[in-house]
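Colleague: Input: one structure, supplied below.
The numbers here are math on the coordinates, done by the rules we state, and not lab data. Given the structure is predicted, the values throughout are model-derived calculations rather than measurements. When we count neighbours, we look across all protein chains shown, and the Cβ atoms used for this are built from the backbone with ideal geometry, even at glycine.
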Amino acid sequence: MEVAEGMNPADYDAWYDTPRGRWIGETEYALAARLLAPQAGDSLLDVGCGTGWFTRRAAADGLVATGLDPNSEWLDFARVHSSPALSWIEGDARALPFADASFDHVLSIAALCFADDERQAVAECVRVARHRFAIGWLNRSSLLYWQKGRHGGSGAYRGARWHSAREIRTLFLGLPVQNLTLRSTIFLPSGTGCTTWLEQGVPKVLPWGGLLLVAGEKA
C-alpha cells in the first residue's frame with residue numbers, strides 16, 4: 001500500500017506487527033487471495049507495494065512475487081527485510097514497466113487511491129495481468145472513513161482518495177475485463193475485543209467495509 005508522504009517505512013511496517021495491524025493485513029489479504037485463487041508457483045505483481053508486506057505475504061503462499069512502488073526508500077526497506085527470491089521494482093503504476101500479460105495475477109491494496117490518474121493505473125494493472133487481478137480502494141461509505149479519512153485523512157491515510165462502490169466500478173468501463181466482483185472487508189476497524197469475531201459474520205457482499213476490493217479476469 002502506498003502511504004502518505006513523510007511517513008517512516010520502518011514505523012509503517014512495524015504497524016503490521018501490532019495486533020490490529022496484523023489482523024487488518026491478514027483480513028485484507030485473505031479476501032484478495034480468495035478472489036484471485038492463485039496456485040503455488042503463479043507469478044504475482046503487487047502494485048504500490050510500499051514496504052512489501054502484501055508482497056511477502058503472497059510469497060509465503062508460494063507465489064513468485066514482485067513488488068512495485070515509486071518510492072526508492074521504501075523499496076530499499078523491502079529488499080533488506082525480505083528473501084532475495086523476491087523482486088522489487090521502482091516504477092509508476094500509471095506506466096508499468098512490463099510487457100502485456102507479464103504476470104498471472106496483479107494485486108494492489110489501497111495504493112491506486114494515491115495515484116494521480118487512477119483510471120490509467122487500473123488500465124495498466126489489467127494490461128500486465130495474464131489471468132486475474134484484485135484491486136482494493138478505501139471506502140467512503142465505511143466506519144474507517146469516519147475514523148481516519150475525513151478532512152484530508154490522518155496517518156497513512158493522509159492524502160488518499162476515498163471512493164464509493166459505484167465510482168470504483170466506473171474505473172473499469174471499456175477495459176478488457178470480465179466477471180467483475182466487488183467485495184469489502186474491515187467493517188469494524190478497531191480490531192479489538194469481539195470485533196474481530198463479529199467481522200467474520202458480516203457478508204463480504206455488503207459494500208460498507210473499509211476496503212472495497214474489485215476482482216476480475218482478463219477478457
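Colleague: So if I take the alpha carbon set of segment 157-200, get Rg, then get Rh from the Kirkwood formula, what is the Rg over Rh ratio?
Modeller: 1.12
Colleague: Tabulate in residue order the Karplus-calculated ³J(HN,Hα) for segment 50-64, using 6.51 cos²θ - 1.76 cosθ + 1.60 with θ = phi - 60°, rounded to whole Hz; enter x for Gly and Pro.
Modeller: 3J(HN,Hα) across segment 50-64, in whole Hz: x, 7, x, 4, 6, 4, 5, 5, 5, 5, 5, 8, x, 8, 8.
Colleague: Next up: Could you tell me what a quarter of the Cα convex hull surface of the chain works out to, in nm² with one decimal place?
Modeller: In nm², the orientation-averaged hull projection of the chain is 10.9.
Colleague: Nearest 5 percent is fine: what portion of the DSSP beta bridges confined to segment 64-219 is antiparallel?
Modeller: If I count the DSSP bridges inside segment 64-219, around 55 percent turn out antiparallel.
Colleague: Name the residue farthest towards the positive end of the dipole of segment 9-218 from the options VAL128, GLY41, PRO203, assuming +1 on Cβ of Lys and Arg, -1 on Cβ of Asp and Glu, about the Cα centre.
Modeller: Farthest towards the positive pole: PRO203.
Colleague: Report the charge-dipole magnitude of the chain in Debye, nearest 20, computed about the Cα centre from +1 at each Lys and Arg Cβ and -1 at each Asp and Glu Cβ.
Modeller: 820 debye
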